[in-house]
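Worksheet for the structure shown next.
The values are calculated or read from the model by the stated rules, or taken from the named source; none is laboratory data. Keep in mind that this is a model prediction, so the values were computed, not measured. Counting neighbours? That spans all protein chains shown, and the Cβs are built from the backbone with ideal geometry, glycine included. Please note that ligands, DNA and RNA were not included when accessible areas were found on the heavy atoms of the full protein model with its side chains. Shrake-Rupley method; radii C 1.70, N 1.55, O 1.52, S 1.80 Å.
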Amino acid sequence: MSGSLFLSLSLFNLFQINKFIMKVIVTGASGLLGRAVYKQLKAANIDVVGTAYSRAKNGLVKLDLANESELEAFIAEQKPNAIVHCAAERRPDVAEKDQEGTRNLNIQVPKRLGSLCKTNNITLIYISTDYVFDGTSPPYEVTDKPNPLNFYGETKLGGEEAIREVNSDAIILRVPILYGDVEYNGESAINILLDSVQNQEKVVDMDNVGKRYPTNVQDIARVIKDLLVKRVDLGEDLKGTFHFTNTECFTKYTICQLFGNLLNLPIDHLKRQDEIPASAAVSRPKDAHLSNKRLEAIGIDTKSVPFVGWWTEYLSK
């Protein structure tokens, strides 16, 4: 073997040995979005550690995010390059009923994570929501002023503000209503509509006013992975707020129409609501459509799987 060839092979082997492998903690990895993020990062050969609490199984680490000393010790032990914070109270009605617990999970925990990430030079991606907006002036850019209509939106905005206060380098990713491959339909406000369609005996008022942009968790996971690669692997100076959404628009009623067609079921038991009743338990924005412009400006792929196509395949299994 020639000396130059031996040197080339040695350098190649040295590169392989010293090749940087990103390590990422995903909180809430038992949930709908967290599972998708965990799988996406694993598939990209990233060293990923998933945490959960009530559903810690399948290799996930049980971690009480509200326990400050436990959280700090876990991060010190794992030494991640990044944390993707998916854990949250995401259900507006539940948030209203347990306001103290929701404030802790949606505001205090993100603040604690933000501070720990700043101190330890860890990239933080915090998942927020389109519910920080009031839905009166879409589409919303990242620079538009939030004005949440309900307590859930207030706490998610509170989490954003708490992180910005302690860690200006963090990434905040706002996303809309989610759907995907669930463990049970109640994991998603979209998938749960299948139950309404299939339960033919139960008459239900179905919203035909609020505009929704259901986004598949696999697409969101891909965007998160791409942001991590740019920030951690490539060292790009990415920070601040980003939006990601599917651009297809539906109401809950039109989604039920789609499900009825795909399942060959009538939806006569679903009463179309063309006005929002004043008695609605929780106020929701009428049209909080997010703009993908900032992601597109940095070269992130913002394409989404077609909603009808995904559901056609999913329901045919």
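Only Lys, Arg, Asp and Glu carry charge here, each on its Cβ (+1 for the first two, -1 for the last two); on that basis the chain has a dipole of about 680 debye about its Cα centre. Accessible surface for the chain, divided over its residues, is 49 Å² per residue with a 1.4 Å probe.
Fully extending the segment from residue 195 to residue 91 would add 35.7 nm, taking 0.36 nm per residue of separation and subtracting the current Cα-Cα distance. Here the stretch 236-317 is assigned +1 on the Cβ of each Lys and Arg and -1 on the Cβ of each Asp and Glu. Its dipole about the Cα centre then comes out at about 200 debye. Listed values for the stretch 288-300 are Karplus-derived 3J(HN,Hα) couplings in whole Hz (6.51 cos²θ - 1.76 cosθ + 1.60, θ = phi - 60°), namely 9, 4, 8, 9, 8, 4, 5, 4, 5, 5, 9, x, 8, and x replaces Gly and Pro. Note on the chain: with a GNM built from Cα contacts shorter than 10 Å, the maximum mean-square fluctuation among 44, 170, 82 falls on 44. As an exercise, use a Förster radius of 30 Å and the Cβ-Cβ distance of residue 209 and residue 263 to find the FRET efficiency, rounded to the nearest 0.05. The formula returns an efficiency of 0.80 here. Could you look at the chain and say what percent of its accessible area is carbon and sulfur, using a 1.4 Å probe and all protein chains? For the chain, the apolar C and S fraction of the accessible surface comes to 49 percent.
Projected onto its three principal axes, the C-alpha set of the stretch 203-317 covers 55, 38, 19 Å, listed from the longest axis down. Beta bridges assigned by DSSP with both partners in the chain are antiparallel in approximately 5 percent of cases. Using a probe of 1.4 Å on the protein chains alone, the accessible area found for residue 213 is around 20 Å². Amide H to amide H distances under 5 Å link residue 272 with 206, where only residues 5 or more positions off or on other chains count and H is placed in the peptide plane. Computed extension gain for residue 20 through residue 57, at 0.36 nm per residue and net of the alpha carbon distance, reaches 10.5 nm.
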